[in-house]
Every structure is written in structure tokens, then in C-alpha cells.
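The values are calculated or read from the model by the stated rules, or taken from the named source; none is laboratory data. Just so it is clear, the structure is predicted and the values come from calculations on it, not from any experiment. Note: ideal-geometry Cβ built from the backbone for every residue, glycine included; neighbour counts use all protein chains shown. Accessible surface areas use protein heavy atoms only, side chains included; no ligands, DNA or RNA. Shrake-Rupley method; radii C 1.70, N 1.55, O 1.52, S 1.80 Å.
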Amino acid sequence: NYSQSIPYVSDSTNLLLYHLDNLSSRNELNGSFFNDTSSNNHGQCVNCPTFNITGKLSGTYEFDGTDDNITFKELGLINSSVSFWLNWKDGVDGVVIGGNPAFYSPYIDATTIYYSASSLNFNSTAHNGLASGVWNHILITRKDTQIRMFKNGIQLGNNLTLPSNSVQLINTIGSYSV
């Protein structure tokens, strides 16, 4: 657990950067999540995840896998990356960053990372398991139709190829309803 303050550094290429550290000085209490980019694309929640002070970097949010989520103004992505720390809890529910059930980047379950940029066209790779209580860094990069997935700095499998260069729309971190 890292208990010191993390600098809030962003550059002009970031579209979305949430520290998720629950600071009142950044208006992050009561269902608000501050975006550290010039886009002002701040997040909101109705069914809010629970804040836990024993996270990786100054605390963390725990999502229940059912209806906890953070929503933000929709982003259209092609050449981009998604990066986050994940502490898996035993269970069958996964982690989602995406839009609706057919579009997500990524969906992660106990054994696999799935990526979809267009409806029902899923690419996936095994991540060799996530142990409960262990922090893992997940990174997914996309350049046109090529996707690479990493866990703790190591590429998982080969590059994946999307069937088309569709813009991927995302607006949610957490659960989605089918």
C-alpha cells in the first residue's frame, strides 16, 4: 500500500485520467470523480463503488460486480491505450471498461482479457490467472486494428487483429447491464 500523495500529472494526449483517491479537495466525494485532463470529463456514479483506504495508490475503489459503476461523457477511441491497477477478488464477475455489453475495452474475468471495438466482434487472450489479493498492472494498447495486451509489463500472447478499424465508444468503468 502506497500511502504518500501521488502527483497529479497529465499531458495533452490523455483523454481520461482518474486517480480515484477520494479527496474532498478535488471534489471527489459523494459520487464525483475528478478527471485530471483538460477535457473536464469528470465521472459520476449512482450505484457507487466503495472506497477502501488500503489500496495500491492512496486508496482504491471496490466494485461489487453487479451494479457499481462510474460513468463519464462518451469517448471515441481508435489509437489509444487503457491502463489500470487491478486487485482481483475471488468470484465469477469481471472488470469492465466500456460502453454497452457489446463494446468494451477490456472485460477481464478470472482467466481471460476480452476486447471488443465493434458489436459482437470479440478478441481475447489468456492472462494466466489473477490471484486474489495481489495487485496487477493491466495495459491494453490499440493502433488501428492491432491490439496488444500486457499484465505486469509482459505481453500476453501475440498481437490481436480487429476485423475493422471501428471507433470504440466507452463511457463506463464497472458494471453494465445485459
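Each row is one residue, and each column tells you yes or no for (1) part of a strand (DSSP E or B); (2) modelled with pLDDT under 85; (3) under 23 Å from Trp85 (Cβ atoms).
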| position | (1), (2), (3) |
| --- | --- |
| Phe122 | yes, yes, no |
| Gly129 | no, yes, yes |
| Gly157 | no, no, yes |
| Asn171 | yes, yes, yes |
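Select from the range 32-53 the residues that are closer than 22 Å to Asn171 by Cβ and open to solvent by less than 50 Å² (accessible area, probe 1.4 Å) and list them in ascending order.
Within the range 32-53, the subset closer than 22 Å to Asn171 by Cβ is 32-51.
Answer for the range 32-53, where residues must be closer than 22 Å to Asn171 by Cβ and open to solvent by less than 50 Å² (accessible area, probe 1.4 Å): Ser32, Phe33, Asn35, Asp36, Thr37, Asn41, Gly43, Cys45, Pro49.
Report yes if Arg142 is touching a residue at least 24 places away in the same chain (Cβ under 8 Å), closer than 14 Å to Ser81 by Cβ and either surrounded by 17 or more Cβ atoms within 10 Å (Cβ to Cβ) or touching a Leu at 6+ places or on another chain (Cβ under 6 Å) (or both), otherwise no. Steps first, answer last, please.
Working: touching a residue at least 24 places away in the same chain (Cβ under 8 Å): yes; closer than 14 Å to Ser81 by Cβ: yes; either surrounded by 17 or more Cβ atoms within 10 Å (Cβ to Cβ) or touching a Leu at 6+ places or on another chain (Cβ under 6 Å) (or both): yes.
When the stated conditions are applied, Arg142 passes them.
Out of the residues in the range 15-31 that are of a type outside the set (Asp, Glu), over 20 Å from Leu86 (Cα atoms) and open to solvent by less than 80 Å² (accessible area, probe 1.4 Å), which is modelled with the highest pLDDT?
Ranking the candidates gives Gly31 first.
Mind checking which residues of the range 151-178 are buried (at least 18 other Cβ atoms within 10 Å of the Cβ) and over 16 Å from Phe122 (Cβ atoms)?
Lys151, Asn171, Thr172, Ile173, Gly174, Ser175
Okay, residues lined up against (1) surrounded by 14 or more Cβ atoms within 10 Å (Cβ to Cβ); (2) within 24 Å of Ile147 (Cβ to Cβ); (3) among the β-branched types (Val, Ile, Thr); (4) modelled with pLDDT of 85 or more:
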site: Leu57; (1), (2), (3), (4): yes, no, no, no
site: Leu75; (1), (2), (3), (4): yes, yes, no, no
site: Asn79; (1), (2), (3), (4): no, yes, no, yes
site: Val92; (1), (2), (3), (4): no, no, yes, no
site: Val95; (1), (2), (3), (4): yes, yes, yes, no
site: Asp109; (1), (2), (3), (4): yes, yes, no, no
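Please state which of the following conditions Tyr176 fails to meet, knowing it meets all the rest: (1) over 29 Å from Ser38 (Cβ atoms); (2) at pLDDT below 75; (3) part of a loop (DSSP other than H, G, I, E, B).
It fails just one condition, (1).
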